[in-house]
Amino acid sequence: MTLNLRVLTPNRIVWDSEVKEIVLSTNSGQIGVLPNHAPIATGVDIDILKIRLNLNDSWLMMVLMGGCARIGNNEITIVVSDAEIGSDIDPQEAQQTLEIAEANLRKAKGKRERIEANLALKRAKIRVQASIRA
């Protein structure tokens, strides 16, 4: 038995295919989803979505930039502000973005700038992790 996984952003369909399993980072922790999972709706954190593919049981990493997910009837729909497949991320570019984000956090003044810089840093760290694991 499989799951139908759809990952959507406002601009595109990132993924629409059957998978064996996923590991999803929610706002309250990670959850593993297998066929016949109980129905749930949850917030999705900025983190890596791990997808176990039907082909050779290999795992694919996808960066999710926060949103929400609905799970039920062996269907998973994840709607996020942005998403990237880990193997599509250039590790050097991701590392440069991380260094810029760290510098911006050090220079941030005021509460709003620090919050925005921390979010940019979190996104950059996740992209680096996904590019290495891919």
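The values are calculated or read from the model by the stated rules, or taken from the named source; none is laboratory data. Only a predicted model underlies this, so the values are computations on that prediction, with no experimental measurement involved. We place every Cβ from the backbone using ideal geometry, glycine too, and count neighbours over all the protein chains shown.
Assuming ASN36 fulfils every condition listed in (1) buried (at least 16 other Cβ atoms within 10 Å of the Cβ); (2) not in a strand (DSSP E or B) apart from one, which condition is it?
Every condition holds for ASN36 apart from (1).
Considering only segment 109-119, I want to know if a residue exists there that is surrounded by fewer than 17 Cβ atoms within 10 Å (Cβ to Cβ), outside any helix (DSSP H, G or I) and not assigned by TED's automatic domain parsing to the domain that holds VAL7.
yes
If you check ILE13 against the conditions, is it surrounded by 13 or more Cβ atoms within 10 Å (Cβ to Cβ), over 17 Å from SER131 (Cα atoms), free of Cβ contacts under 8 Å to residues at least 12 places away in the same chain and among the hydrophobic types (A, V, I, L, M, F, W, C)?
no
Considering only segment 60-95, how many residues are without any contact (Cβ under 8 Å) to a residue 12 or more places away in the chain and in contact with an Asp or Glu (Cβ under 9 Å, 6 or more places away or on another chain)?
0
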